[in-house]
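K.L.:
Have a look at this one.
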Amino acid sequence: MDTIASLFSFITTPVSWIIVQFHKVYGALFGDDSGWAWGLSIVSLVVLIRICLIPLFVKQIKSTRNMQVLQPKMKAIQERYKNDKQRQSEEMMKLYKETGTNPLSSCLPILAQSPFFFALYHVLSSIASGKKIGAINQDLLDSARQAHIFGAPLAAKFTDSVEKVTSLDASLTDVRIVTAIMIVLMSASQFFTQRQLMTKNVDLTVKTPYMQQQKMLMYIFPVIFAVMGINFPVGVLVYWLTTNVWTMGQQMYVINQNPTPGSKAQDAYLQRVLKSVTSHGEVRGRTRRKMVKAIVAKGSDRNDIERKFITGLGKLGLAAQEDGTVAKSETAAADAEGGQAHRRQQPKRQTKAKRQTTGHATAGAKATEPEAAGSKTSLEKDAPQDSKPKSAGKSASGSSRQAKSGQRKGPQRPKHPSKK
């Protein structure tokens with residue numbers, strides 16, 4: 001831990017100074033020694049850091065989407081140059097450069113938070129050990145050691161001994177209950193955040209190994225945080241739980257306002273836009289007009305969800321314009337009605353009993369045909385021979401002989417008397 005602290009010592013003083021400034025504000029409301037004053041100071045530190053990291057979060061969203069789109073091309077490159085790793089890497093880098101994608105962008109928010117996380121961890125560990133650090137002097141150190149959140153000191157950990165917890169004026173039971181609840185909440189928020197991303201904001205038409213990797217991370221990350229959480233002080237658990245909740249809310253906003261093309265979130269978003277257009281007759285909001293503009297620019301490359309949206313506008317007698325607005329169009333309405341009329345109708349599936357009844361009726365009809373043919377032949381045989389020309393009789397008898405199966409054409413050899 002001393003090695004890690006020395007690596008992040010350049011940021012320990014700024015982090016401790018920010019906490020002290022927030023503590024002055026909340027201390028005036030809740031009291032200097034209150035756990036709420038110190039806890040809210042940590043929460044405010046997280047909010048401040050995450051606001052500063054919003055540009056990196058936007059890059060992360062764009063990089064994640066680009067990686068999803070590029071997965072089929074990446075897989076094709078791997079298959080094509082599977083025996084030439086160097087050429088494979090060159091083609092991958094070329095693809096990233098052409099599309100402006102940085103695979104490391106998805107990790108930027110976590111990497112940017114790491115120095116603050118370890119700095120806060122070191123500050124809280126110093127408070128637990130009774131050591132002054134950064135902007136925290138002796139008075140603030142004594143105040144922080146007396147601060148409790150639901151009976152658990154900010155510097156206490158789940159794995160602390162009874163003696164250490166007692167020195168912080170707390171009971172081991174309270175510390176373990178509070179830390180266990182916070183660890184569960186931290187892991188659950190991590191799981192729900194990843195699940196929200198996988199179920200709502202993923203292009204369902206693209207099936208790649210990348211999706212399976214993300215699905216595995218959805219289950220692995222919460223377990224990792226749960227195992228690591230037993231070694232985190234209460235103050236660090238407050239920090240990490242707050243940043244998870246912030247990430248979940250931020251991601252929910254992005255999914256609702258700027259969903260991934262082809263995802264369930266895009267379908268829900270375009271349905272809301274269509275409902276708004278139905279009510280007001282126009283596309284309201286710059287973000288929505290930007291989305292409609294992007295759909296129009298795609299042309300024939302639109303996905304099924306976007307085509308359904310354009311068809312929905314056509315049924316209203318409207319057509320999407322290149323600037324993201326909509327205008328009345330009789331052609332769009334006619335196209336929508338024509339497409340609906342010419343839609344292929346699937347035959348209704350018959351029940352098993354109906355299929356059996358139809359089959360028996362068909363078989364019966366086929367069976368009556370030979371009977372009818374046989375009766376007709378017998379009538380012809382019973383008719384008087386004189387009423388028919390001789391040539392006709394010969395042709396009829398020849399046809400009857402040819403109709404019999406298993407006989408050869410031409411004159412038949414007479415049977416032996418013993419076989420009669």
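K.L.:
Could we say that I61 is in a helix (DSSP H, G or I), modelled with pLDDT under 90, hydrophobic (A, V, I, L, M, F, W, C) and in contact with a His (Cβ under 9 Å, 6 or more places away or on another chain) here?
P.N.:
For I61, the condition - in a helix (DSSP H, G or I), modelled with pLDDT under 90, hydrophobic (A, V, I, L, M, F, W, C) and in contact with a His (Cβ under 9 Å, 6 or more places away or on another chain) - is not met.
K.L.:
Now, a different point. For G235, work out the one condition from (1) in the same structural domain as P109 (by TED's automatic domain parsing); (2) surrounded by fewer than 21 Cβ atoms within 10 Å (Cβ to Cβ); (3) part of a helix (DSSP H, G or I) it doesn't fulfil.
P.N.:
Every condition holds for G235 apart from (2).
K.L.:
(1) over 20 Å from the mean Cα position of the chain (by Cα); (2) under 30 Å from A112 (Cβ atoms); (3) not assigned by TED's automatic domain parsing to the domain that holds A156: which one isn't true of T311, the others all being true?
P.N.:
Going through the list (1) over 20 Å from the mean Cα position of the chain (by Cα); (2) under 30 Å from A112 (Cβ atoms); (3) not assigned by TED's automatic domain parsing to the domain that holds A156, T311 breaks only (2).
K.L.:
Shifting gears a bit: Run A135 past the list (1) touching a Ser or Thr at 6+ places or on another chain (Cβ under 8 Å); (2) crowded, with 20+ Cβ neighbours inside 10 Å and report the number of the one that doesn't hold.
P.N.:
(2)
K.L.:
A further question follows. Looking only at the range 141-180, how many residues end up being closer than 24 Å to I19 by Cα, touching a Phe, Trp or Tyr at 6+ places or on another chain (Cβ under 9 Å) and part of a helix (DSSP H, G or I)?
P.N.:
Residues that pass the stated criteria total 5.
K.L.:
I'd like to verify a number: residues in the range 8-37 that are part of a helix (DSSP H, G or I) and either at positive phi or under 38 Å from the mean Cα position of the chain (by Cα) (or both), how many?
P.N.:
5
K.L.:
I would also like to ask the following. Give me a count of the residues in the range 147-177 that are in contact (Cβ under 8 Å) with a residue 12 or more places away in the chain, of a type outside the set (A, V, I, L, M, F, W, C) and within 22 Å of L241 (Cα to Cα).
P.N.:
Looking only at that region, the number is 8.
The values are calculated or read from the model by the stated rules, or taken from the named source; none is laboratory data. All values reported here derive from a predicted model rather than from experimental measurement. When we count neighbours, we look across all protein chains shown, and the Cβ atoms used for this are built from the backbone with ideal geometry, even at glycine.
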